[in-house]
Amino acid sequence: MLHAAKYACLGAMALACAALPAYADAGLTLSVRVDGVDDEALRKTLLAETRLKDARPETTSAARRQARAEAGRMEKVLRASGRYDGQVDVGIDAGATPVAVVFDVTPGPVYRITDYRISYVSTQTPDARPARFSDIDVTADGAPDGETLAALERALLAALRRKGYPTARAVDRRAEARRDTATATAVFVIDSGPMAIFDGAEWSGLQYTKESYAASYTQWEDGAPVDVVKLEATRAALAGAGLFTSVQITPGAPSADGGTPILIDVEERKRRTVGAGLSYSSNLGAGGRLYWENRNLRGAGEKLRSDLDVSEIEQSLSMQYRKPRPRRSADWVLGAELASEDSEAFQGERLTLAAAEEKRYNDDWSSRIGLEIEGARTEDALSEETSALLSLPARLTWDATNDPLNPVRGASVAVSAAPHIGGGSDGFVAFGLVQAEAVGHYALNTNETLVAAGWARTGVTIGPGTTEIPATKRYYSGGGGSVRAYGFQLASPLDDDNDPIGGRSLFEAGAELRFPIRGALGGVVFAEGGSAFSSGAPDFDEPFLGGGGAGLRYYTPIGPVRLDIAAPFDRREGVDDEFQFYISLGQAF
């Protein structure tokens, strides 16, 4: 019995000891109150600053120490709002349950900044650094809050970095208060570093690329003050050249006279690429593409590309040589294509030779103007013809979409004109083609997964009738990239055998809604309408065909894989299938 009592006593003591830490860890429960503040927004801001509600101090002394630390943070909040005289006192009511912590706040008046002083820690003779915010076209409105003063400081540093001080940094920012008038002077202490002058570039990482060509992408002139905006523009231009996987640009050490070499470190991409792609549609059948590309043929960004495209209806072999001219923001382009087509519209072969200049005016605007020669032999329902044409195609494009393969916002507009002269089986021919196209995308939610999109396209012919225009230059509607509910070229004027003969004008339009399903899988519903017309301009007294459908999108890093099924609204017996089916890469528009 004694032994049993002894063990029972020891067990009880052990349980009691085990319970003590848990009890101690529980600590005091606190309530927090802010007094003395009439501004409800300010009171909530001060309350949000404290973390005492979640604290569990073991004693009231510990609670007091933590509250004093919180009071210091509250005073910083007051100063950041322009209340430079603000004070916070702490009171503890240990007898309350829970223990009450009271912050007694004296906000003080909101000061107004009436003067701004920029002070540099180093001297410059002569000193070209801005002495006032008006020197950098920035208006200071007297607001005393910390965010406004920080924004002014950022603007000052950005201006210095554009004016030849790439290492400029802030040393101190403070407000010198005058309590009798509740006004203050904002003081910005800046270390500008030495003035730097552009003095050439030092390259590393160039292997195939000629230094003289890489240097043509630099956006500065030697002898000008170093400007970080021009450094970033140079980095973006080099990255956009398609030759480098990484580009790093930093100013080097300035010499005694300020001359500063710019250090440019690049890593080159592999020059050659071989690729392939597949597609399928119910009206064209299976299709494939094989291509080879050299992006830096002779060390100056010259691009040579060859494409072999094969489908059941058309086969083509093309080559293109592109010579960049960075100083002019332009490219020279030479191209050749040999193609054979056997569609319901016509059968034949053509050889096309082209030369053009493509010019970029800014991020959105570009143009292309060139010379094109086409020789063709075609046979269609109207005639069998051999033709030779010379044209001067010109195109102006505005493109503000965010992604060429999967746009979710932005719009684009393109207008083109191509006068043609030449000869065919019926003698001399002259005509002009004018086309316009607009595409728009709008994200309906913040994560840009629900997207409304629309497009419209029109074209007209200036000149002779349909029979005088070579079959390769007529307008056709229907198929992928057009009105998807109709077969390839079948939304066009037809002959007595229901074969398309093409038209002299075109109008097409459509809209779709793209939505997420799960993970990388998305869906789309769409409606489209369009036709080619025998008249020189769209004539809606002729048939105008419409259709709609739905599809799936599987989003990959190189763009969405697209599957679409479309059906005509007014199916023509003996002409239109019940539906059309498409598989390819990239959005329909």
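The values are calculated or read from the model by the stated rules, or taken from the named source; none is laboratory data. Everything quoted here is computed from the prediction, not taken from an experiment. Glycine gets a Cβ as well: all are built from the backbone with ideal geometry, and neighbour counts include every protein chain shown. Note: areas computed on protein heavy atoms with side chains; ligands, DNA, RNA excluded. Shrake-Rupley method; radii C 1.70, N 1.55, O 1.52, S 1.80 Å.
Computed values, structure above
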| quantity | calculated |
| --- | --- |
| Where a residue in the stretch 471-482 is closer than 15 Å to S311 by Cβ and without any contact (Cβ under 8 Å) to a residue 12 or more places away in the chain and its partner, wherever it lies, is assigned to a loop (DSSP other than H, G, I, E, B) and open to solvent by 20 Å² or more (accessible area, probe 1.4 Å), with Cβ under 9 Å and at least six apart | none |
| Close pairs from the stretch 37-62: first open to solvent by 70 Å² or more (accessible area, probe 1.4 Å), partner of a type in the set (D, E, K, R) and modelled with pLDDT of 85 or more, Cβ under 8 Å, at least 6 apart | R51/E70 |
| Only one of E372, E379, E341, E385 that is touching a Phe, Trp or Tyr at 6+ places or on another chain (Cβ under 8 Å) and assigned to a strand (DSSP E or B) | E379 |
| Criterion violated by S81 - all others in (1) closer than 24 Å to A177 by Cα; (2) surrounded by 16 or more Cβ atoms within 10 Å (Cβ to Cβ); (3) free of Cβ contacts under 8 Å to residues at least 40 places away in the same chain; (4) touching a helix residue (DSSP H, G or I) at 6+ places or on another chain (Cβ under 8 Å) satisfied | (3) |
| First in the stretch 362-382 and more than 19 Å from R350 (Cα to Cα) and basic (K, R), second anywhere and open to solvent by 90 Å² or more (accessible area, probe 1.4 Å) and at pLDDT 90 or above, Cβ under 9 Å, 6 or more apart | R368/R395 |
| Residue satisfying condition, being in a helix (DSSP H, G or I) and open to solvent by 30 Å² or more (accessible area, probe 1.4 Å), within set A286, A239 | A239 |
| All positions within the stretch 141-162 that are assigned to a loop (DSSP other than H, G, I, E, B), without any contact (Cβ under 8 Å) to a residue 40 or more places away in the chain and either touching a Cys at 6+ places or on another chain (Cβ under 6 Å) or open to solvent by 30 Å² or more (accessible area, probe 1.4 Å) (or both) | D141 |
| Residue that is modelled with the lowest pLDDT [pool: residues in the stretch 85-132 that are part of a loop (DSSP other than H, G, I, E, B) and in contact with a helix residue (DSSP H, G or I) (Cβ under 9 Å, 6 or more places away or on another chain)] | A94 |
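Condition check ((1) farther than 28 Å from Y321 by Cβ; (2) in contact with a strand residue (DSSP E or B) (Cβ under 6 Å, 6 or more places away or on another chain); (3) open to solvent by 30 Å² or more (accessible area, probe 1.4 Å); (4) part of a strand (DSSP E or B)) across all residues:
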| site | (1), (2), (3), (4) |
| --- | --- |
| D199 | yes, yes, yes, yes |
| T209 | no, no, no, no |
| G223 | yes, no, yes, no |
| E232 | yes, no, yes, no |
| R235 | no, yes, yes, no |
| T250 | yes, yes, yes, yes |
| K270 | no, no, yes, no |
